[in-house]
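What follows is calculated from the coordinates using simple rules that are stated; it is not laboratory data. A quick note: this is a predicted structure, and the numbers were derived from the prediction, not measured. Using ideal geometry, Cβ is built from the backbone for each residue, glycine included, and neighbour counts are taken over all protein chains shown.
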Amino acid sequence: MKFTRTTYAEWDTGTYKLGPIPRSAEKQVVLLERAVAELFEMLMDERGWDNPGSIADLLSDEVNRIAHRAYEKHC
């Protein structure tokens, strides 16, 4: 699976269109895990943290382990 980044200029001009969500549940899970990992990275960078546990500990118990696992899997 190839991951790309869209520039702000592309979003602002409306020249970029999001592709379809994969039909496969497995591919959807991979994308969701990747989203969690990227959000962790952004939050850690913004806050100056170096420990993903700092973010996972702020989540509910039900999602803490899943979110942390997603981060570890993709980073």
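Data overview
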{"read-out": "Solution diffusion estimate, µm²/s, Stokes-Einstein, the range 5-47, Kirkwood Rh from C-alpha pairs, 25 °C, viscosity 0.890 mPa s", "value": "198 µm²/s"}
{"read-out": "0 to 90° range, to nearest 10: angle between helix 61-74 axis and the chain longest Cα axis", "value": "60 degrees"}
{"read-out": "Two-site FRET efficiency, L18 against W49, from Cβ-Cβ distance with R₀ of 25 Å, rounded to 0.05", "value": "0.25"}
{"read-out": "Likely footprinting exposure, Y16, Y71, fewest C-beta neighbours within 10 Å first", "value": "Y16, Y71"}
{"read-out": "Of T15, S54, L32, farthest towards positive along the dipole that unit charges on Lys, Arg, Asp, Glu beta carbons give the chain", "value": "T15"}
{"read-out": "For the chain, projected area of the alpha-carbon convex hull averaged over all directions, nm²", "value": "6.3 nm²"}
